[in-house]
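**Q** My structure is below; once you've seen it, I'll send some questions.
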Amino acid sequence: MGGGELPVCVDLGLGAAHPSYYFGLQQLTPDPWQREVMRMDRDTLVLAGRQVGKSTVAAAIALHRAVNTRGTVLVMAPTERQSTELVARVRRMALEARLRPEAEGRTYLELAGGGRIIALPANPEGVRGYTATLIVFDEAAYIPDELYLAARPMLAVTRGHVLAISTPAGRRGWFWREWHEGGEHWHRVRVSAFEVGRFPPDFLEGERRRLGERMFRQEYLVEFVEERQGALWRWEWFERPGFRVDTPPDLVRVAVGVDPAASMAEGSAETGIVVAGLGADGHYYVLGDYSLRGSPEEWRARVLHAYHAHQADMVVAERNQGGDMVAAIFRAANMDLPLRLETATRGKAIRAEPVALLYEQGKVHHVGAFRELETQLTGWAPGDPTSPDRMDALVWAMTYLMNRPAPGLSYEEQLRWASR
């Protein structure tokens, strides 16, 4: 782009009369569904599958609205990290359009000619006090009702609009209600993976086998799937204020749970790799989901990365479900990780129930949104024949943390801890 000062580019003429202008700068052609969304003549709900171009169209609309109204565009997501990612995408589009920023930071972009885009924290108290011309709700189905209700009044003065984009997440919450009961003032756009023409049929069939029918219907067919009857976890627990956090408190112990896949065959289960920590506040924090389908060498590298990234204390795996294989794989690579092999003497449901109880009591928090893990937790019920790899990995990590007192406790404190 050259080394000179970027020109202020507010009045872009006919090119900026439509958000598709920003697609063209990236050598992209909007899909028909994206053009329909870009009308934005009223509040808009977009029910969309994975990797169909949700973030690109949201960023283009946000930048277009900020430039043309010289007003404020607010971005909200289940976590602040997710909303800042969308602002970063807007920033890249602005640079391609040679729009000079007046001020910028990780969570905001102010344009020299007026207009700003701000990522807000995912809590109702942190979003008050703004007036906006557009509010973008990214992964809207995972945003609590309280946050949505706190944000709506910000549009009253400007008569601005809502753009809510999401994959579905069950038949509950404001996004589902507005989709089904919100009335004619909403413009609704639905796009599944089969409507964009970019996914090879064999890829989608592989995803169907990998995810299972229920999750595939949600993530790729964009269906509002009913909550699984008898499931140990409930979606409503994930929607409570404070369940999702951007940063955990000081952690006194961290574990990486591993549920190794028995096979690499197409359609087999993934290797579940989930990291959890015990906070100094006595609550538990799910820090990362690194699950994948891959060779032993590939998931070994992923476990190693998770262990170091979170400064973990222990890797935990089930002995009678591949645990000895885990030990052998790490020994073969001369990796001396602290590894604990647990013997499963009780059924899967009995092992999972104490962990689910901690969720119900509000003692577990997710550092971010782990969509596949959360869908698996709420989609498995005792007696199901499927193997919930991510859930199993979570349960092993959490069980280790629950059964170990925090380091540094006195003997008397350890006795009290053991009797709690």
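**Q** Based on the Cα atoms of the chain, what semi-axes does the equivalent ellipsoid have, where each is the square root of 5 times one gyration tensor eigenvalue, given in whole Å with the largest first?
**A** Over the Cα atoms of the chain, the ellipsoid semi-axes are 41, 24, 22 Å.
**Q** To continue, here is another question. I'm checking a number: the convex hull volume of the Cα atoms of segment 148-243, normalised per residue, in Å³. What is it?
**A** Once divided by residue count, the hull of segment 148-243 is 137 Å³.
**Q** Something else now. For segment 30-87, what is the largest minus smallest coordinate of the Cα atoms on each principal axis, given in angstrom and ordered from greatest to least?
**A** Over segment 30-87, Cα extents along the principal axes are 27, 27, 18 Å.
**Q** Follow-up. Normalised by the number of residues in the chain, what is the relative contact order in percent for Cα pairs under 8 Å and 6+ residues apart?
**A** Result for the chain is 15 percent.
**Q** Under the rule a/c < 1.5 gives rounded, and otherwise a/b versus b/c splits prolate from oblate, where does segment 13-216 land using the Cα gyration tensor?
**A** oblate
**Q** Based on C-alpha coordinates, I'd like the Rg and Dmax of segment 88-181, in Å.
**A** 14.7, 43
**Q** Only helical DSSP H runs with n ≥ 4 go in: add -39500 (n - 2.57) per run for the chain, normalise by residue count and round the 222 nm mean residue ellipticity to 500 deg cm²/dmol. Walk me through the numbers on the way to the answer.
**A** Working: 15 runs with 151 residues, N = 420.
Result for the chain: -10500 deg cm²/dmol, rounded to the nearest 500.
**Q** Another question, if that's okay. Give the whole-number value, in cubic angstrom per residue, of the convex hull volume spanned by the C-alpha atoms of segment 336-380.
**A** Cα convex hull per residue, to the nearest whole number: 126 Å³.
**Q** Residue by residue, what Karplus-based ³J(HN,Hα) values in Hz, rounded to whole numbers, does segment 37-51 have, using 6.51, -1.76 and 1.60 with θ = phi - 60° and x for Gly and Pro?
**A** For segment 37-51, the Karplus curve yields 5, 5, 4, 6, 8, 7, 4, 10, 10, 10, 9, 9, x, 5, 6 Hz.
**Q** Here is a further query. Go ahead and run the numbers for FRET between Arg346 and Arg70, Cβ-Cβ distance against an R0 of 60 Å, rounding to 0.05.
**A** For Arg346 and Arg70, the calculated efficiency is 0.45.
**Q** Now a separate question. Please compute P(r) over all alpha-carbon pairs of segment 235-402, binned at 5 Å starting from zero, and give each bin as a whole-number percent.
**A** The calculated distribution, bin by bin, is 1, 9, 19, 24, 21, 15, 8, 2, 0, 0.
Each reported figure results from applying straightforward, stated rules to the coordinates on display, with no laboratory input. Since the model is a prediction, treat every value here as computed from it, not as a measurement. Virtual Cβ from ideal backbone geometry, glycine too; neighbours counted across all protein chains shown.
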